[in-house]
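As C-alpha cells, the structure follows; a few thoughts come after it.
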Amino acid sequence: MAMSPASRKSLVVLNGGSRRGPGRVWLVGAGPGDPELLTIKALNALRSADVIVHDGLVSPEILELAPVKARRISVAKRRAHHSYGQDEINRMLVAFAEEGLEVVRLKGGDPFIFGRGGEELEACRDAGVSCIVVPGVTSALAAAAAAGAPLTHRGVAQAVTFVTGHARNEEIPNLDWPALARSNQTVVIYMGLAQAQTIAAQLLSRGRDPKTPALIVENASRADERRLVTTLSGLASVAAVLEGPALLMVGEAMALARSEGVAEPTKAAPPATALSARGLQ
Ligand SMILES: C[S@@+](CC[C@H](N)C(=O)[O-])C[C@H]1O[C@@H](n2cnc3c(N)ncnc32)[C@H](O)[C@@H]1O
C-alpha cells in the first residue's frame, strides 16, 4: 500500500533491525490497568520487546515492566483525534517487524474486544509478518469481578452481551435494542458514557424495567477505581458525573454489586474510594 508523505513523516524510524531473523508482532492484551491482571505470557512478551507500540489505556506501571532499552511509542487517542491513524499504526507494526524487531503492540484489556486488534492482525497477515495474539483480561470482567457482580448468574442472568455505545457523529448506536431490552441477561456497554442517556432511553422504550439494577465502573482495577451502583432509570444521571474510561452494566445480577471494595487488591495502594450513586438518582 502506498504511503502518503504525511504518513511517512509521522512514522517512527527505529534502526535496530537486521541483527537476527525476521521480526514478529506480538498483539498483547495489557488488561484493565492493574499489573497483577497481566498474563504471564504478556509479561514475557513485554520483557523481550525491542519496541512497544501502546495505547493510552495502558497503565504506566505496566510499561515499566518492559526493558529500559525498549523503545516506547504511544499511539494514544487524544481528545477527538488519534495521534496516528489506524493505517499508520498497521504500517508501523509491519515496518518494525520487517526490520527484524520484536514488536509488542500493547492494548488495554483484550486486543479483540473493541480494540481494533483484528485489523492489525490482518495487516500483519497481508504483509507476511508473523503475529502472535496474547489475550488480556477485558475491562468488563475485571470491573464485574471486583464489584462482586457476576455477569451471568443462575436463574437471573442467562446471557451476557458486550456492546459498544460509541456511534459516529453522536448517532444512536445501531444495536438490536429489542433483544438487549429482554430480562434475565446482562448488557455491558463499552464506550457508553457519552451516550448513556440514549442507551437507557432505548432500553426503557423497549420495555426493560426502570428498576433493573445497573453498575458503572470507572477506571476498573486502577487505584482511582469508582463503582457506582444505580438502576437503569438512574444510569444517565450517574454517567453524567464521570469522565471515564467506564463501563455501564445493566441487568438483574448487578443487584449483587457492592460499591465498597469486594476484592481487596494485593498492591500497596488502597482501594479507590467507592462512591455509591444511589443518592444521585
Ligand atoms: C476502545 S475500548 C477498548 C476495550 C479494551 N480492549 C478491553 O478489552 O477492555 C475502550 C473502552 O473500554 C472500557 N475500558 C477500558 N479500560 C477500562 C477500565 N480500566 N475501566 C473501565 N472501563 C474501561 C471503556 O468503556 C473504554 O471507553
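Nothing in this text is a laboratory measurement; each read-out follows from the coordinates by a stated rule. Keep in mind that what you see is a predicted model, and the values were worked out from it rather than measured. Because the Cβ atoms are built from the backbone with ideal geometry, glycine has one as well, and the counts that use them run over all protein chains shown.
A few comments on the model shown:
- Each Lys or Arg adds one and each Asp or Glu subtracts one; over the other residues with Cβ under 10 Å from the Cβ of Tyr84, this totals 0.
- Shown for Ile199, Ile132, Ile89: other C-beta atoms within 10 Å of each C-beta, ranked fewest to most, produce the order Ile132, Ile89, Ile199.
- Sorting Trp177, Trp26 from the fewest to the most surrounding beta carbons within 10 angstrom yields Trp177, Trp26.
- Only one residue of Val129, Ser83, Leu93 has its Cα farthest out toward the positive end of the dipole of the stretch 59-163, where Lys and Arg carry +1 and Asp and Glu -1 on Cβ, and that residue is Ser83.
- Sequence of Val156, Val53, Val25 once ranked by neighbouring C-beta atoms within 10 Å, starting from the fewest: Val156, Val53, Val25
- Members of Lys41/Lys211; Lys107/Lys211; Lys69/Lys107 lying beyond 31 Å, as alpha-carbon distances in this model show: Lys41/Lys211; Lys107/Lys211
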